[in-house]
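*Asks:* Please read through the structure below; I'll follow up with questions.
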Amino acid sequence: MQKNLSKWQHAIVQIISYLYVLLFVYTAISKLLDFENFGIELAQSPLLSAYAGLIAPSVIIVELLIVVLLCFKATRLIGLYASFFLMIAFTVYIYLILNYSDFIPCSCGGIIEELSWTEHLVFNLVFAALALIAIVLTEKEKGTPTVAVVLKSVLHSLAAVGVVVALFLSSEHIIKKENNFIRRFGQHPIRDKIAFDLGVNSYYFAGIADGQVYLGNITAPFILTTVDTALTTKTEKRIQPDDTEHPFRSIQIKVKSPHFYMYDGSVPVIYRGRLDDSLARTISYADCYFSQLEVIDSVHFVFRTQSTETRAQVLGKLALEQDPKIILNHELLEKQIDGVFDTDGQLLRDDITGELVYIYFYRNQFMVVDSSLHLSRRLHTIDTIFRAQVQVRSLSDGRHKMGAPPLQVNKRSVVHNRLLFNESNLMGKYESREMWNQTAIIDMYRTDRQEYLGSFYVPNRGGHKMARMIVTDEHLFVLSGNEIVRYRFAQSVTRHFIKTGDAENLN
């Protein structure tokens, strides 16, 4: 049996309905006018990143449909239930962000952009309560039993909670495990910038040890430069090799305390010296040629070379005290086209875990191996380039040559304390072209399992992009132009590093 409502009760229902009309019209139009930015903001949501492409237009369409339903008395009750459902969903979304997300993004904008997340939560709860009041009054006029009204309201609430929680759980799995190239940028993962002018732009990182950053110099290959980690003082030392009668092409220096190592893979020689001395003695000669080298300890090295049998690139180990000294593993680098250009990449070593990482330049893959060159795991980055897009021409003398510029996926990387920091060369979904022109994009991955942790921007310095980087437990050091720049990691990054005791247990 229907019951007639008083005029003021009718007025309450109409006022609440029109408030929702104003709210949804304003928010829908705001999102439409800046739709690209709305999609970018959703892509950065710690809850809905994976579904940004679907949710962005869906929310606008739903809000406008609810407006139409609220404008007519015959469909107003449906519109009120839809409004209640949507507002509960928004409320649950904010609650999950505040309590269960990896990070809290900037304000969600919308109706009142200056509100904090907590204030938005209160705002949504008030509007949800208003919708419930209008529902109760409208159902009362229809003569709906109170139990039925309560049941329908509870079911709508539970449905809203279920939808948001399900989206949250599945989105987190997709973003971290099966990402389809949507980056997630946390709030200020690097901060407190300090810069030091080195005078020239030809430096590279040789290593970090005992509170000192060691730099090599491409144009002065026998100079080892030291800068303290506070970036206040710089000293230089000229290295004196015991034998310089070699046709060097590109000498490199690596520091692994208490030693430094100098080598040129086009000449099969490795020198070793102490950091407190300038003399570098030959410890390996004519053992192997190599294009990249990583130091395990004072007598063990891992390198990349080209196989004389297959002409493909392979990883090998040099053990100075063993016979034979050289062990090659032909199975690690996976050939897709020619085994040379398609397997090109960067060899890295994690000084904390002792593991080695090889990340390909032209495909979304990297692998982790132990110091004996046993494969631990194959992992992938978040871009979608699984197969190297390189064109190779075979010359008459058996050599290979690039037929066209390749699509480079991964630009440069460092690994530290179980995390891979990779500068990507590809723009992901919902990203700003302006930010790509002004910054370098660093993606972070776990190396002990398949997991993408997020990304951050490294801003250009005076028009110069980041040229090189190196990482410690607390800082990111960057070479950009003539400067070395130090950034401090926020807790959102450092919490992923292995703690001191755990690191000791790995060795």
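*Asks:* Has segment 337-352 got any residue that is out of contact with any helix residue (DSSP H, G or I) (no Cβ under 7 Å at 6 or more places or on another chain), within 22 Å of L315 (Cβ to Cβ) and of a type in the set (S, T, N, Q)? Before the answer, list the steps.
*Replies:* First, pick out the residues of segment 337-352 that are out of contact with any helix residue (DSSP H, G or I) (no Cβ under 7 Å at 6 or more places or on another chain): 337-351.
Filter once more, so that each one left must be within 22 Å of L315 (Cβ to Cβ): 337-351.
Applying the additional criterion that residues be of a type in the set (S, T, N, Q) yields 343, 346.
Yes, segment 337-352 contains a residue that is out of contact with any helix residue (DSSP H, G or I) (no Cβ under 7 Å at 6 or more places or on another chain), within 22 Å of L315 (Cβ to Cβ) and of a type in the set (S, T, N, Q).
*Asks:* Which of the residues belonging to segment 238-258 are charged (D, E, K, R), over 27 Å from H416 (Cα atoms) and either part of a strand (DSSP E or B) or touching a residue at least 24 places away in the same chain (Cβ under 8 Å) (or both)?
*Replies:* Step one: of segment 238-258, the residues charged (D, E, K, R) are 238, 242-243, 245, 249, 254, 256.
Remaining after also requiring over 27 Å from H416 (Cα atoms): 238, 242-243, 245, 249.
Passing the criteria: R238, D242, D243.
*Asks:* Exactly one of these conditions fails for G273: (1) part of a loop (DSSP other than H, G, I, E, B); (2) farther than 24 Å from V369 by Cα. Give me its number.
*Replies:* Of the numbered conditions (1) part of a loop (DSSP other than H, G, I, E, B); (2) farther than 24 Å from V369 by Cα, the odd one out for G273 is (1).
*Asks:* Sort through Y214, Y261 and tell me the only one that's assigned by TED's automatic domain parsing to the domain that holds M427, farther than 20 Å from V485 by Cβ, of a type in the set (S, T, Y) and part of a strand (DSSP E or B).
*Replies:* On the way: Y214 fails: farther than 20 Å from V485 by Cβ.
It is Y261.
*Asks:* Can I ask one more? Could you figure out which of (1) more than 30 Å from K335 (Cα to Cα); (2) touching a helix residue (DSSP H, G or I) at 6+ places or on another chain (Cβ under 6 Å) isn't true of E451?
*Replies:* E451 satisfies all of (1) more than 30 Å from K335 (Cα to Cα); (2) touching a helix residue (DSSP H, G or I) at 6+ places or on another chain (Cβ under 6 Å) except (1).
*Asks:* Being assigned by TED's automatic domain parsing to the domain that holds R495, at pLDDT 95 or above and not in a strand (DSSP E or B), is that true of even one residue in segment 177-198?
*Replies:* Yes, segment 177-198 contains a residue that is assigned by TED's automatic domain parsing to the domain that holds R495, at pLDDT 95 or above and not in a strand (DSSP E or B).
*Asks:* Which condition number does Q187 fail, the rest of (1) farther than 30 Å from G428 by Cβ; (2) in contact with a Ser or Thr (Cβ under 8 Å, 6 or more places away or on another chain); (3) surrounded by fewer than 20 Cβ atoms within 10 Å (Cβ to Cβ) being met?
*Replies:* Failing condition for Q187: (1).
Quick grid of which residues meet (1) touching a Leu at 6+ places or on another chain (Cβ under 8 Å); (2) surrounded by fewer than 16 Cβ atoms within 10 Å (Cβ to Cβ):
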| position | (1), (2) |
| --- | --- |
| G199 | no, yes |
| F222 | no, no |
| T233 | no, yes |
| K237 | yes, no |
| Q240 | yes, yes |
| D243 | no, yes |
| I251 | no, no |
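*Asks:* In addition: Which of (1) over 18 Å from V415 (Cβ atoms); (2) part of a loop (DSSP other than H, G, I, E, B) does D351 not meet, given it meets every other one?
*Replies:* (1)
*Asks:* I208 versus (1) under 29 Å from the mean Cα position of the chain (by Cα); (2) assigned to a loop (DSSP other than H, G, I, E, B): which is the lone unmet condition?
*Replies:* Just one mismatch for I208, condition (2).
*Asks:* While we're looking at this one, here's another question. Looking at L379, L373, can you tell me which residue is over 30 Å from T232 (Cβ atoms), touching a residue at least 60 places away in the same chain (Cβ under 8 Å) and under 21 Å from the mean Cα position of the chain (by Cα)?
*Replies:* Working: L373 fails: under 21 Å from the mean Cα position of the chain (by Cα).
So the residue among L379, L373 that is over 30 Å from T232 (Cβ atoms), touching a residue at least 60 places away in the same chain (Cβ under 8 Å) and under 21 Å from the mean Cα position of the chain (by Cα) is L379.
*Asks:* Still on this model: Just to be sure, is A286 under 17 Å from K325 (Cα atoms) and at pLDDT below 95?
*Replies:* Details: under 17 Å from K325 (Cα atoms): yes; at pLDDT below 95: yes.
So A286 fits the description; yes.
*Asks:* Can you say whether E36 is surrounded by fewer than 13 Cβ atoms within 10 Å (Cβ to Cβ), assigned to a helix (DSSP H, G or I), in the same structural domain as I66 (by TED's automatic domain parsing) and at pLDDT below 80, as far as the supplied structure shows? Can you show your working first?
*Replies:* Numbers: surrounded by fewer than 13 Cβ atoms within 10 Å (Cβ to Cβ): yes; assigned to a helix (DSSP H, G or I): yes; in the same structural domain as I66 (by TED's automatic domain parsing): yes; at pLDDT below 80: yes.
Answer is yes for this residue.
*Asks:* Follow-up question, since we're still on this one. Out of curiosity, is D287 more than 22 Å from L375 (Cα to Cα) and either touching a Cys at 6+ places or on another chain (Cβ under 7 Å) or not in a strand (DSSP E or B) (or both)? Write out each step before concluding.
*Replies:* Working: more than 22 Å from L375 (Cα to Cα): yes; either touching a Cys at 6+ places or on another chain (Cβ under 7 Å) or not in a strand (DSSP E or B) (or both): yes.
So D287 fits the description; yes.
*Asks:* Give segment 306-339 a look and list any residue that's surrounded by fewer than 20 Cβ atoms within 10 Å (Cβ to Cβ) and β-branched (V, I, T), or say none.
*Replies:* Across segment 306-339, the qualifying residues are T308, T310, I326, I327, I337.
*Asks:* Report, by residue number, each residue of segment 424-448 that is charged (D, E, K, R) and modelled with pLDDT of 95 or more. Please lay out each step first, then the result.
*Replies:* If we filter segment 424-448 for residues that are charged (D, E, K, R), which is where we start, we get 429, 431, 433-434, 443, 446, 448.
Matches in segment 424-448: D443, R446, D448.
*Asks:* State yes or no: is V392 assigned to a strand (DSSP E or B) and farther than 22 Å from F497 by Cα?
*Replies:* Details: assigned to a strand (DSSP E or B): yes; farther than 22 Å from F497 by Cα: yes.
Yes: the conditions hold for V392.
*Asks:* Still on this structure: Restricting to segment 332-376, count the residues that are more than 26 Å from G207 (Cα to Cα) and out of contact with any Phe, Trp or Tyr (no Cβ under 8 Å at 6 or more places or on another chain).
*Replies:* Final tally of qualifying residues: 7.
*Asks:* Return yes when D297 is of a type in the set (D, E, K, R), assigned by TED's automatic domain parsing to the domain that holds Y203, in contact (Cβ under 8 Å) with a residue 12 or more places away in the chain and not in a strand (DSSP E or B) and no when it is not. Steps first, answer last, please.
*Replies:* Details: of a type in the set (D, E, K, R): yes; assigned by TED's automatic domain parsing to the domain that holds Y203: yes; in contact (Cβ under 8 Å) with a residue 12 or more places away in the chain: yes; not in a strand (DSSP E or B): yes.
So D297 passes the test.
The values are calculated or read from the model by the stated rules, or taken from the named source; none is laboratory data. All values derive from a computational prediction rather than experimental measurement. Glycine gets a Cβ as well: all are built from the backbone with ideal geometry, and neighbour counts include every protein chain shown.
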